[in-house]
């Protein structure tokens, strides 16, 4: 299900529908605030190792998965054994269980944990505190929480809000009046830093609109396609994507020189059934086009189609890691 168009209107032009939904949004914001605060009698679990939360304020994708992968690599460069704990959205297993890419499929553990497991140990747990305990017991020297910024069950040492500069915080309103899980000001009070992902012009525009509301240090980054040796120039493709913003993937393909003869924007995490992929395979054949998808979607493909669909991996390139490195040093991760 694609988000309503008015969610991404400028804050000063949110529209009548957003204003009409404001009372409901106020209730949602209040409920979230109470949940985040937690109950004093049951404080969040405090791990014996640093916990880094990679979260967002927006519903849907902002770039958390490539951010987690980049931070795994950053910590590994420092010699730190880092584990990831994820809720495993879309997976059937409650956990805590360590993801094994040779044994598990996306239907078991979710597509994001399966993708991230190629870069380091990943634990899936509906109970995040239980997942953190499992990672500690397995020897983690640091733990990355994939999402969970609004979940108080685990105490965080570093909390990073990831923002897609192309959409920013939308109209600045809480769901259902806008795309936010909680108000920007409320989220910033708990944030260590903000990572803004986008092209330079998008980032500039983001700060023109939202800069005054960001009182914490900022990292800037962009998603760049990983060079795999594939020559996309002039390649006719039928592209499909079930991510938060499929348009970003289609733009990446065009930047590589591919000719998109058909683009299919699927719902985020949409199951890729044999019937669905077979229909697209028939369409691609009729159009003399290659089936192409994202790296995250590729892990959800039925086994019989994994050799027929090409994936375009992207990696996060951060302009300056110093703010993140400073936060690591403050938590004894030199």
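The values are calculated or read from the model by the stated rules, or taken from the named source; none is laboratory data. No experiment lies behind these values; they were computed from the predicted model shown. Note that we place each Cβ from the backbone using ideal geometry, even for glycine, and neighbour counts take in every protein chain shown.
Taking residue 90 and the conditions (1) more than 26 Å from residue 324 (Cα to Cα); (2) over 16 Å from the mean Cα position of the chain (by Cα); (3) in contact (Cβ under 8 Å) with a residue 60 or more places away in the chain, which numbered condition does it fall short on, given that it satisfies the others?
Among (1) more than 26 Å from residue 324 (Cα to Cα); (2) over 16 Å from the mean Cα position of the chain (by Cα); (3) in contact (Cβ under 8 Å) with a residue 60 or more places away in the chain, residue 90 violates only (2).
Quick one: residue 281 ticks every box in (1) modelled with pLDDT of 95 or more; (2) in a loop (DSSP other than H, G, I, E, B); (3) within 25 Å of residue 90 (Cα to Cα) bar one, so which box is it?
Going through the list (1) modelled with pLDDT of 95 or more; (2) in a loop (DSSP other than H, G, I, E, B); (3) within 25 Å of residue 90 (Cα to Cα), residue 281 breaks only (2).
Step by step: first the residues of the range 297-326, then only those that are in the same structural domain as residue 69 (by TED's automatic domain parsing) and assigned to a helix (DSSP H, G or I), then the one that is surrounded by the most Cβ atoms within 10 Å (Cβ to Cβ). Which residue is that?
Among them, the one singled out is 324.
Could you check, for the range 223-244, whether at least one of its residues is touching a helix residue (DSSP H, G or I) at 6+ places or on another chain (Cβ under 6 Å), assigned to a helix (DSSP H, G or I), modelled with pLDDT under 95 and under 18 Å from residue 65 (Cβ atoms)?
no
Provide a single number: the residues in the range 178-232 that are farther than 26 Å from residue 25 by Cα and touching a strand residue (DSSP E or B) at 6+ places or on another chain (Cβ under 9 Å).
So the count comes out to 19.
Being modelled with pLDDT of 95 or more and assigned to a loop (DSSP other than H, G, I, E, B) narrows it down to one of 215, 271, so name that one.
215
Can you tell me how many residues in the range 170-210 are part of a helix (DSSP H, G or I) and without any contact (Cβ under 8 Å) to a residue 60 or more places away in the chain?
12
Among the residues of the range 78-89, is any on the phi > 0 side of the Ramachandran plot, buried (at least 17 other Cβ atoms within 10 Å of the Cβ) and assigned to a loop (DSSP other than H, G, I, E, B)?
Checking the range 78-89: at least one residue is on the phi > 0 side of the Ramachandran plot, buried (at least 17 other Cβ atoms within 10 Å of the Cβ) and assigned to a loop (DSSP other than H, G, I, E, B).
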